[in-house]
Amino acid sequence: MTPFTERVIHIIRSIPEGKVMTYGQIARLAGSPRAARQVVRILHAMSKKHSLPWHRVINAKGEIAIMDDEGSHMQSFLLQAEGVIITDQRYISLELYQYQMQEEA
């Protein structure tokens with residue numbers, strides 16, 4: 001596992017219940033600001049194995065990015081169960097729910 005992947009996993013694990021982070025935000029905190037798509041790949045490949053709270057990661061618009069109905073409904077359900085309000089079935093207020101993890105020195 002690469003150091004970047006390890007940092008991404010650590011960051012995703014640290015997102016508290018009822019909060020979200022964006023793919024790009026995670027990539028930046030993990031040391032590679034342009035690697036948002038790599039964060040998507042890591043989530044897809046490692047969520048189950050590492051018990052990651054995948055549902056707390058959304059796109060930069062505050063939108064559930066999963067396109068298939070089953071996945072987007074599951075993400076919406078899990079976020080709502082944590083108290084996150086979702087509007088128009090896809091949108092989460094980043095102003096209210098975005099977790100601002102401090103960069104580690």
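The values are calculated or read from the model by the stated rules, or taken from the named source; none is laboratory data. The structure presented is a predicted model; accordingly, all values stated were derived computationally and were not measured. Reconstructed Cβ throughout: ideal geometry from the backbone, glycine too, with neighbour counts over all protein chains shown. Quick note on the areas: whole protein, heavy atoms, side chains included, nothing else; ligands and nucleic acids left out. Shrake-Rupley method; radii C 1.70, N 1.55, O 1.52, S 1.80 Å.
Data table
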| read-out | value |
| --- | --- |
| Condition broken by ARG37, with the remaining ones in (1) modelled with pLDDT under 95; (2) open to solvent by 50 Å² or more (accessible area, probe 1.4 Å) satisfied | (1) |
| Where a residue in segment 35-56 is within 15 Å of MET1 (Cα to Cα) and its partner, wherever it lies, is among the small types (Gly, Ala, Ser) and surrounded by 19 or more Cβ atoms within 10 Å (Cβ to Cβ), with Cβ under 7 Å and at least six apart | GLN38/ALA27; VAL39/ALA27 |
| Qualifying residues in segment 86-105 (those that are β-branched (Val, Ile, Thr) and out of contact with any Ser or Thr (no Cβ under 7 Å at 6 or more places or on another chain)) - the one most open to solvent (accessible area, probe 1.4 Å) | THR87 |
| Tally of residues being among the acidic types (Asp, Glu) and crowded, with 16+ Cβ neighbours inside 10 Å across segment 57-81 | 1 |
| Any hit, segment 17-26, residues being touching a residue at least 12 places away in the same chain (Cβ under 8 Å), open to solvent by 70 Å² or more (accessible area, probe 1.4 Å) and assigned to a helix (DSSP H, G or I) | no |
